[in-house]
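Following: one structure in structure tokens, then a few remarks.
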Amino acid sequence: MSDRTERATTPAAAPATNRAANPVTAPAAAPAPATARTTGQQVIIDAARREFGERGYDAVSVRDIAARAGVSLSALYHYYPGKQALLEGIVEAGLRSYDTACAAALGAAGDDPARRLAALVAATVRYRAQQQVDSSIVFSETRSVSEEFRARHSRQLREATGRFQRAIADGIEAGVFNPRWPDDARRAVIAMCNAVAEWYRPGGELTVDDLVTRYVNLAFTLVEYRPTAPPFSF
């Protein structure tokens, strides 16, 4: 994804032909991937995540992170050489978590383009709603990473965009999607999913499952989904 609106980005059921009367059913959340970090590393990275999320990367010092983690500066430097390494660790972990969720969702969705698009939308909405701090950091702070990391990060974002692009292209080829402007439809789908991180608040009227239901239906509207067989379900 080359711009902020497309930055990455559990399969859901497709809607019935009458989407308003038969909305998609939200799937269960995928399990979080295991982490290989030690307890000390995790405490430090969690403290950095909270500091960056609340105050912004530039306003936070290594000393602030160590104080919040309850460790000495020497203990922090034992695991991380500096603030930039902590930021890159957070971004890398967030992207890895998102990629893992997408891979699991696509694996369960199979080859059907509609199922695959639903899976990607659901995985993206869940990640953005449940990992809002990481999403905010990825959106706003990647200007502070190294050039080498930025290049790797850009490749990962392009791969994430490509997953949506392939699902929509396959749906067009199969005759079940018929968007007038495929690239614009894809950008709109990704942008609306990513925007969830900016406005969604847990504990409100909408649950994450509600969001998945709505956003999969919205995505199908954008790509003009035209099922050729009875709607699928899980």
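The values are calculated or read from the model by the stated rules, or taken from the named source; none is laboratory data. Please read these numbers as outputs of a predicted model, since none were measured by experiment. Heads up, the Cβs are rebuilt from the backbone with ideal geometry, glycines too, and the neighbour counts pull from every protein chain shown. Just so you know, the surface numbers come from the protein's heavy atoms only, side chains and all, with ligands and any DNA or RNA stripped out. Shrake-Rupley method; radii C 1.70, N 1.55, O 1.52, S 1.80 Å.
So what are the ³J(HN,Hα) numbers for segment 100-106, from phi and the Karplus equation (6.51, -1.76, 1.60; θ = phi - 60°), rounded to whole Hz, Gly and Pro as x?
With the stated coefficients, segment 100-106 comes to 5, 5, 5, 4, 5, 5, 5 Hz.
Give a residue-ordered list of calculated ³J(HN,Hα) values for segment 79-92 (Karplus: 6.51 cos²θ - 1.76 cosθ + 1.60, θ = phi - 60°; whole Hz; x for Gly, Pro).
With coefficients 6.51, -1.76 and 1.60, one gets 9, 9, x, x, 5, 4, 5, 5, 4, 5, x, 5, 5, 4 Hz.
For Ala195 and Glu92, what does the FRET efficiency come to when R0 = 22 Å and r is the distance between their Cβ atoms, rounded to the nearest 0.05? Please list the in-between numbers first.
Numbers: r = 23 Å, r/R0 = 1.04.
Rounded to the nearest 0.05, the efficiency is 0.45.
What figure in square angstrom, to the nearest 10, would you give for the accessible area of Thr39 with a 1.4 Å probe?
Accessible area of Thr39: about 110 Å².
Tell me, what is the 1.4 Å probe accessible area of Ser154, in Å² to the nearest 10?
40 Å²
So how exposed is Ile90, as accessible area in Å² (1.4 Å probe, rounded to 10)?
Solvent-accessible area, nearest 10 Å²: 0 Å².
Using θ = phi - 60° and the Karplus relation 6.51 cos²θ - 1.76 cosθ + 1.60, list the HN-Hα couplings for segment 181-187 in order, rounded to whole Hz, with x at every Gly or Pro.
10, x, 5, 5, 4, 4, 4
Could you work out how much longer the chain between Ala108 and Leu218 gets when fully extended? Use 0.36 nm per residue separation minus the Cα distance between them, nm to one decimal. Spell out each step's value before the answer.
On the way: separation 110, 0.36 × 110 = 39.60 nm, distance 2.12 nm.
Difference between extended and current length: 37.5 nm.
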